[in-house]
Amino acid sequence: PHEWICDRRTATPEQWSRFTDAGTRLRTMYEDWLEAISSRFPGGSLADIGCNSGYFPVRAQLLGMRGCAGYDNPGFAPAFEVLNRATRAGATFHGTMYDFYTHTLPG
């Protein structure tokens, strides 16, 4: 239904190749970004507001940052925990929503 969703069962080989290439480029960009931040702030911490499954805080923790945390809807907690457990990263998930109107976190 959306052009950014690709169904492997119905995609042409060219469409599938473009889709997977875009994912690879995005992942590479994220890795470059996280490596630059972790090398610039070794042992520092990272807070990701709207972390979804927690890729950024978990990966930052694995790259040597400490006290990394993700904040998002509590519904993302299971995905965050799976990623955290699988990597043994030790990042922290806070099931709370950022208020874009007041620019604050609850509590």
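Selection among THR102, THR24, ALA11 by position relative to the dipole of the chain gives THR24 as farthest towards the positive end (Cβ unit charges, Cα centre).
Secondary structure note: in the chain, about 10% of the DSSP beta bridges are antiparallel. Convex hull volume of the C-alpha atoms in segment 60-107, normalised per residue: 77 Å³. Over segment 1-64, the fraction of Cα-Cα pairs per 10 Å bin, rounded to whole percents and listed from the shortest bin up, is 19, 37, 24, 17, 3. To the nearest µm²/s, what D does Stokes-Einstein give for segment 3-107 at 37 °C and 0.692 mPa s, using the Kirkwood radius over alpha carbon pairs as Rh? Rounded to a whole number, D works out at 215 µm²/s. For an R0 of 35 angstrom, estimate the FRET efficiency from the Cβ-Cβ distance between THR20 and LEU62 and round to the nearest 0.05. Efficiency for this residue pair is about 0.90.
Read-outs: derived from the displayed coordinates by stated rules, not from any lab. Predicted, not measured: the structure shown is a model, and the values here were computed from it. So basically every Cβ, Gly included, is an ideal-geometry build from the backbone, and we count neighbours across all protein chains shown.
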